[in-house]
1. Within the stretch 237-255, track down each residue that is open to solvent by 10 Å² or more (accessible area, probe 1.4 Å) and touching a residue at least 60 places away in the same chain (Cβ under 8 Å).
2. Within 14 Å of the chain's Cα centre (by Cα), aliphatic (A, V, I, L, M), over 23 Å from LEU248 (Cα atoms) and modelled with pLDDT of 95 or more, is that true of ILE151?
3. Scanning the stretch 90-113 for residues that are open to solvent by 50 Å² or more (accessible area, probe 1.4 Å) and in contact (Cβ under 8 Å) with a residue 40 or more places away in the chain, which turns out farthest from the chain's Cα centre (by Cα)?
4. Report whether or not LEU78 is under 17 Å from the mean Cα position of the chain (by Cα), part of a strand (DSSP E or B), under 24 Å from ILE194 (Cβ atoms) and aliphatic (A, V, I, L, M).
5. Give the stretch 154-172 a look and list any residue that's among the hydroxyl-bearing types (Ser, Thr, Tyr) and more than 14 Å from the chain's Cα centre (by Cα), or say none.
6. Testing SER13 on (1) open to solvent by 10 Å² or more (accessible area, probe 1.4 Å); (2) assigned to a loop (DSSP other than H, G, I, E, B), one condition comes back false. Which one is that?
7. Quick one: is LYS144 open to solvent by 40 Å² or more (accessible area, probe 1.4 Å) and closer than 26 Å to GLY237 by Cα?
8. Anything in the stretch 30-60 that is farther than 20 Å from VAL123 by Cα, open to solvent by less than 30 Å² (accessible area, probe 1.4 Å) and touching a residue at least 60 places away in the same chain (Cβ under 8 Å)? List them, or say none.
Amino acid sequence: MYLADCHNHTCCSRDSQAPLSAMAEAAAKAGLSLLCTTDHLDLLGWHGEPLGDWDWTPVLKQYESALAACPKGLDLRLGIELGAAQFYPERASDIVKGIPLDLIIGSAHNVALEMGGEDFCFVPYTCVEDCHRALENYFSSLYKLAGSDRIDVIGHIIYPLRYMRRDGFDISLEPYYDTLRAILNRAVEHGRGIEVNTNRGKDVDAWRPVLELYRQAGGEIITLGTDAHEAQHVGLGIREAADLLRDLGFRYHTVFRRRKPEFIPL
């Protein structure tokens, strides 16, 4: 089976120390056919602070070096995880202009600026009401991203649930199904895809309701990614995610080349 990890981070992200070469070696050992590196390009910091200019030099230099030494049989591609494009759409366009990217993941990591701009990782979830307040804000951002031509796929739609579970709250998405339908319908209408983010192999089955809604919306563009920040996590849950897609009636998973989808039979 042709398997791909299309969401992972290297030492060009502030929350990873892994060189791309090590990630590529791990991908080959895991039996992957493709690794698309997607370091963080965030327009907002963890606590809502606007971030300055982005220097592409380390990303491009590392990619060229890793490409030259890439393990035989592994297709290595260049992507980025673009954070906060829903708040700064014009800056998002300008910052990626002229860069030979294969994939742009659009992610909403931060609550709205009027709520403080914190990354959902740092939001205090002290009660169920905190969780629902954060999710309402989060889904509002995803709706904006779903119609954006600055991205190719919407990143980790269930992202805040990671941190709610961490803090002891197992929040069901069922009350948000209508909201998710609106987001996914909008994504399909605008030719945007979604990703199944396995969260290093921990969150595969949690994607089932989102994928069922996406299939009902007529969606077909689905990338697979681990969100690995260390080489040891590359590929975790990718095979299981592909199996889940097949079980739900999808025929393909997707990889991107120069921001054009390529459909891989499951």
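The values are calculated or read from the model by the stated rules, or taken from the named source; none is laboratory data. As the structure is a computational prediction, the values presented were derived from the model and not from experiment. Ideal geometry is used to build each Cβ from the backbone, glycine not excepted, and the neighbour counts take in all protein chains shown. To get the accessible areas, we keep the full protein, side chains included, count just its heavy atoms, and leave off ligands, DNA and RNA. Shrake-Rupley method; radii C 1.70, N 1.55, O 1.52, S 1.80 Å.
1. ARG239, the sole residue that qualifies.
2. So ILE151 passes the test.
3. Only one residue fits best here, namely LEU113.
4. yes
5. Scanning the stretch 154-172 gives TYR163, SER172.
6. (1)
7. Against the criterion (open to solvent by 40 Å² or more (accessible area, probe 1.4 Å) and closer than 26 Å to GLY237 by Cα), LYS144 does not qualify.
8. LEU32, LEU34, LEU35, CYS36, THR38
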